[in-house]
Ligand SMILES: Cc1cn([C@H]2C[C@H](O)[C@@H](COP(=O)(O)OP(=O)(O)O[C@H]3O[C@H](CO)[C@@H](O)[C@H](O)[C@H]3O)O2)c(=O)[nH]c1=O
């Protein structure tokens, strides 16, 4: 029986990873550690909460004493670390919160793993799930590869870059067996409606303005979250120690083109006249330090581990939009904070 700790498993990407691991590996005991902040929600993994190989632990990775106790209690074989503050705009408002969770939190996990495994690294693995934003901004040409120098621009990406460096430093200095992945923008079900795609779907449903930052000519590479979870599973099991893999969708979109596509699909789905949702587009003040373009060269993970996205963008978007339209109650409860309130009471 392998004991696996997944951090941030009530969040967007984390919930998809927890679901996959719990269902696919009944022989593993999966511990989901989550602080249940505004973006983490146990409703996201309700379908697996009663499985015998699943345990939820509420707690904050910033709390060193708590993390050390948890490791002492369970003797984990592997850690998949996804817990993070992830929203760039929030990091501009409150950078320190990002240092605490993303840097100190990661340090606490690294120390706990190092102290528990005490140099006996046989069949042990620390997996840090990170972002392509650590590489900074591209111009019109080029792709991020695993050897692109780090050049983070936002407090969020600086905190993730820092945590990546610490993971590698623990590998070099103490021999900690790690793998690291840097992924592009994800989309899919259970995505908190502060990020572009779920926010705009929610606003279209509610006839609210769609705030496009600047001129909308910023480019992101989009990957369906379930394909990211497949890649994470593969890297955790088959990735080479001390290696980094870039993960991306081979799917670049300018924000404004993506928003127009979303508007078109939503008009069809909601039975509204063509152009109704586009009228909601409102150009607003740009994000400070807004990175122009992210684009990933995912050929290493493709060649070495055989991964590539399994769904097209059209299929992924269709699934995503259908999910939000059939889960409006979830949308209302996460935006009003009532799930958070409910779970806070349960775990107080
Ligand atoms: C929320 C929002 C965003 N935007 C723009 C800013 C970006 O160019 C693009 C996507 O914004 P966001 O959805 O906030 O995602 P972005 O800043 O690219 O970062 C995401 O993708 C990263 C991976 O690249 C992850 O590491 C981050 O955690 C995740 O938040 O849309 C708007 O124009 N209007 C908006 O209201």
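Only the coordinates and a few stated rules stand behind these numbers; no lab work does. What you are looking at is a predicted structure, and each value in this text was computed from that prediction instead of being measured. So basically every Cβ, Gly included, is an ideal-geometry build from the backbone, and we count neighbours across all protein chains shown.
Oblate is the label for segment 66-168. Its Cα gyration tensor axes, ordered a ≥ b ≥ c, give a/c of at least 1.5 and b/c at or above a/b.
Summary of packing: across the peptides 88-95, 47-54, 101-108, the per-residue average of other C-beta atoms within 10 Å ranks them, highest first, as 101-108, 88-95, 47-54.
With a Förster radius of 25 Å applied to the beta-carbon distance between residue 165 and residue 115, the computed FRET efficiency rounds to 0.80. At full extension, residue 206 and residue 270 could sit 21.9 nm farther apart than now, given 0.36 nm per residue minus the alpha carbon distance. The alpha carbon centroids of segment 190-212 and segment 278-333 are separated by 12 Å. In segment 138-170, whose amide N lies under 19 Å from the spot 7 Å out along Cα-to-Cβ of residue 94? List them in ranges. Answer for segment 138-170: 154-160. The shape of segment 96-250 can be summarised by an equivalent ellipsoid whose semi-axes, obtained from the alpha carbon gyration tensor, come to 31, 17, 16 Å from longest to shortest. With all projection directions averaged, the alpha carbon convex hull of the chain covers 16.7 nm². Given their separation in residues at 0.36 nm each and the Cα-Cα distance between them, residue 257 and residue 213 gain 14.5 nm when the chain is fully extended. With springs connecting C-alpha atoms under 10 Å apart, model the chain as a Gaussian network and identify which of 276, 320, 219 has the largest mean-square fluctuation. Comparing 276, 320, 219 in the GNM, the peak value goes to 276. Taking the centroid of alpha carbons for each part, segment 81-110 and segment 9-38 are 19 Å apart.
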